[in-house]
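Working notes for the structure below.
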Amino acid sequence: MVMSELFDLTILGAGPAGVGAAVYAARAGLKTIWIDRKFEAGGQIVDTYEIDNYPGLPGISGIELAEKLADHAEKLGMVPERDFIRSIEKTEEGFLLRSKKKEYRSKTVILSGGASHRHLDIPGEEEFSGMGVSYCATCDGAFFKGKTTVVIGGGNTAVEDAIFLSRVCEQVYLVHRRDTLRADRVLQEKLKECENVEVLWSQSPVEIHGEEDHVTGITLKSVKSGILQIVDVDGVFIAVGIVPNTELLEGFVKLDKNGYVEAGEDCVTSTPGIFAAGDIRTKKLRQVVTAVADGANAVTSVQEYLL
């Protein structure tokens, strides 16, 4: 079904960048359609237990912040339509975006599809995904009450996950391939206060073990000596970074070597009329506050382009 309307702007993604863009597009009076593949707005922050660095809302949960962002947009008449865009192509009037059942016509597009959890790609990871292997501690941590878990990673997310799990698990291991953590100092200090968390330094995961429908352990390899050890655990939480959701964009806009859309603070991409905001674009800091700012900058660039 081809949509008869020609929109000024199509926003793809309903994370913080998409919400920021939706709010600014509504205030600018742009004829906008907002599309996301999920049922709820918020993106990755929905999976975050606590957000302590968003100005004015210290200690707010990810779900609560996502609800506040969505409510703000809805008050301006902006509600995302649930659909999954499979392709984008250039046309004389702008762009044609296709899903399985619909085609949308738009003069400009803001890409704010965010990123997904990076996988380890080791034996047992896919086999036991959802059966002890998880990428979201706040989503699945409650299933491991009183049990032993391991968190893989050394950044903010990994440390936050370890702290969260320490409140419900009997024992938590934090595995990091280096001998120092990359997480913010304030998080590292909180981690030290968790008596049931043990950091396993300079270790790399090799294989996840399990029986039928549950995890039983993980094999680690010392990056210094090469010695292998098996640690008995009931759950494995993987927090080793993200990969941008740009699989449909290769050859359409310029991507860097890691797959992120090349775009500066103005969110302008290599393809005129296409803009990138949030975790999907090249940037030094990927946080909620910078994603929301990207949404505002992207709409400003859209307005300039349309003029």
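The values are calculated or read from the model by the stated rules, or taken from the named source; none is laboratory data. Everything quoted here is computed from the prediction, not taken from an experiment. Positions of Cβ are generated from backbone atoms using ideal geometry, with glycine treated the same way; all protein chains shown enter the neighbour counts.
General remarks:
- Residue within the stretch 120-129 that is in a loop (DSSP other than H, G, I, E, B) and touching a helix residue (DSSP H, G or I) at 6+ places or on another chain (Cβ under 6 Å) present: no
- The residues on offer are Gly273, Gly264, Gly259, and the sole one that is modelled with pLDDT of 95 or more and either touching a Leu at 6+ places or on another chain (Cβ under 7 Å) or over 24 Å from Glu92 (Cα atoms) (or both) is Gly264.
- Among (1) without any contact (Cβ under 8 Å) to a residue 60 or more places away in the chain; (2) among the aromatic types (Phe, Trp, Tyr); (3) part of a loop (DSSP other than H, G, I, E, B), the one test that Tyr54 misses: (1)
Residues are listed down the side, and each one gets a yes or a no for (1) surrounded by 15 or more Cβ atoms within 10 Å (Cβ to Cβ); (2) among the polar types (S, T, N, Q); (3) within 28 Å of Leu57 (Cβ to Cβ):
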| residue | (1), (2), (3) |
| --- | --- |
| Ile218 | yes, no, no |
| Lys221 | yes, no, no |
| Gly226 | no, no, no |
| Gly251 | no, no, no |
| Glu262 | no, no, no |
| Thr290 | yes, yes, yes |
| Ala293 | yes, no, yes |
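- Selected residue (criterion: surrounded by the fewest Cβ atoms within 10 Å (Cβ to Cβ)) from residues of the stretch 194-215 that are without any contact (Cβ under 8 Å) to a residue 60 or more places away in the chain and assigned to a strand (DSSP E or B): Glu211
- Residue list for the stretch 281-307, filter: modelled with pLDDT of 95 or more, in a helix (DSSP H, G or I) and in contact with a strand residue (DSSP E or B) (Cβ under 8 Å, 6 or more places away or on another chain): Asp294, Gly295, Ala298, Val299, Ser301, Val302, Tyr305, Leu306
- Here Gly130 meets each of (1) closer than 27 Å to Tyr260 by Cβ; (2) exposed (fewer than 14 other Cβ atoms within 10 Å of the Cβ) with one exception, condition (1).
Rundown of residues vs (1) over 27 Å from Cys267 (Cβ atoms); (2) buried (at least 20 other Cβ atoms within 10 Å of the Cβ), yes/no style:
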position: Arg37; (1), (2): no, no
position: Gly59; (1), (2): yes, no
position: Glu67; (1), (2): no, no
position: Lys75; (1), (2): no, no
position: Val109; (1), (2): no, yes
position: Ser112; (1), (2): no, yes
position: Arg118; (1), (2): no, no
position: Ala137; (1), (2): yes, yes
position: Asp140; (1), (2): yes, no
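- Of everything listed in (1) of a type in the set (Gly, Ala, Ser); (2) on the phi > 0 side of the Ramachandran plot; (3) surrounded by 15 or more Cβ atoms within 10 Å (Cβ to Cβ), the single unmet condition for Gly29 is (3).
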